[in-house]
Amino acid sequence: MTWILMLAAVLLPVAAQADVLTGTVTTTVRAGNQPAPVVVYAEPLGGAAPAREGKPVTLSQRNKAFAPRVLGVPVGTVVSFPNDDDIFHNVFSLSPGNAFDLGLYRAGASKSRTFATPGVVRIFCNIHPQMTALVVAAPTPWVVTTGPDGAWRLDLPAGRYRLTAISERAAAVTADVAVSGATSSPPLALDESAFVAVPHTNKFGKPYPAAAYKQP
Ligand SMILES: [Cu+2]
């Protein structure tokens, strides 16, 4: 019995020292606004991030909206875009390095896109201008989308990292951190108080026809 207790005494501190990084992004907003979701990712300093393909992820089209609206994924992740409405939708992006067009497709159909290039990808529907989504293809396996309160958690090996926080309404911020055991992130503060919503173009780079804004 004694040796079991001794073994436990040796093993327990190791188990309690799992390397995990937690934090809460704070966002400055204008009065009355809710902060946009934030993507946080950690790139190892002094070495390349290991290539690790992310699990396939779904970003659906439902009630004329993308769900989720904001998604952080490791570069190389396959994202499927099922049309869960009973009308046609389209999915496209004109973001440099990540432009794509899945074409028009019917209710119940699904198409997918591999995000092979790191970057911030703004995604729209060519029929419904109100449909917008943001995919951040991060150059690292350690990426997370914050909850509504800005809280986040990354399970990663001990070491030094550069953290980046990005939202669609604020300039990105970075901070360096040394992770060892349970570690708290240095502050990550975004400022979206200067954000102004501007109409985006359709997939041809032209304004949407006025009728597109009047669809029920
Ligand atoms: Cu649509």
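Can you name the strands (runs of 3 or more DSSP E) wholly within the range 129-216 that have at least 2 residues being within 18 Å of the chain's Cα centre (by Cα)? Working first, answer last.
Working: elements: 132-138, 143-145, 151-155, 159-167, 170-179, 182-184, 189-191.
In the range 129-216, the matching strands (runs of 3 or more DSSP E) lie at 132-138, 143-145, 151-155, 159-167, 170-179, 189-191.
Strands (runs of 3 or more DSSP E) wholly in the range 55-121 with at least 3 residues that are free of Cβ contacts under 8 Å to residues at least 40 places away in the same chain - which ones?
Filter on the range 55-121 gives 77-82, 100-105, 110-115.
Among the numbered criteria (1) over 19 Å from Pro44 (Cβ atoms); (2) touching a strand residue (DSSP E or B) at 6+ places or on another chain (Cβ under 6 Å); (3) of a type outside the set (Lys, Arg), which single criterion is violated by Ala182?
Unmet condition: (1).
What tally of residues in the range 103-130 results from selecting those that are within 14 Å of the ligand (Cβ to nearest atom), of a type in the set (A, V, I, L, M, F, W, C) and either surrounded by 19 or more Cβ atoms within 10 Å (Cβ to Cβ) or assigned by TED's automatic domain parsing to the domain that holds Thr174 (or both)?
3
Are any residues in the range 49-92 within 10 Å of the ligand (Cβ to nearest atom), of a type outside the set (D, E, K, R) and open to solvent by 30 Å² or more (accessible area, probe 1.4 Å), and if so, which ones?
Ala65, Ile87, Phe88
The values are calculated or read from the model by the stated rules, or taken from the named source; none is laboratory data. Here the structure is a predicted model, which is why all the values come from computation and not from measurement. Positions of Cβ are generated from backbone atoms using ideal geometry, with glycine treated the same way; all protein chains shown enter the neighbour counts. Quick note on the areas: whole protein, heavy atoms, side chains included, nothing else; ligands and nucleic acids left out. Shrake-Rupley method; radii C 1.70, N 1.55, O 1.52, S 1.80 Å.
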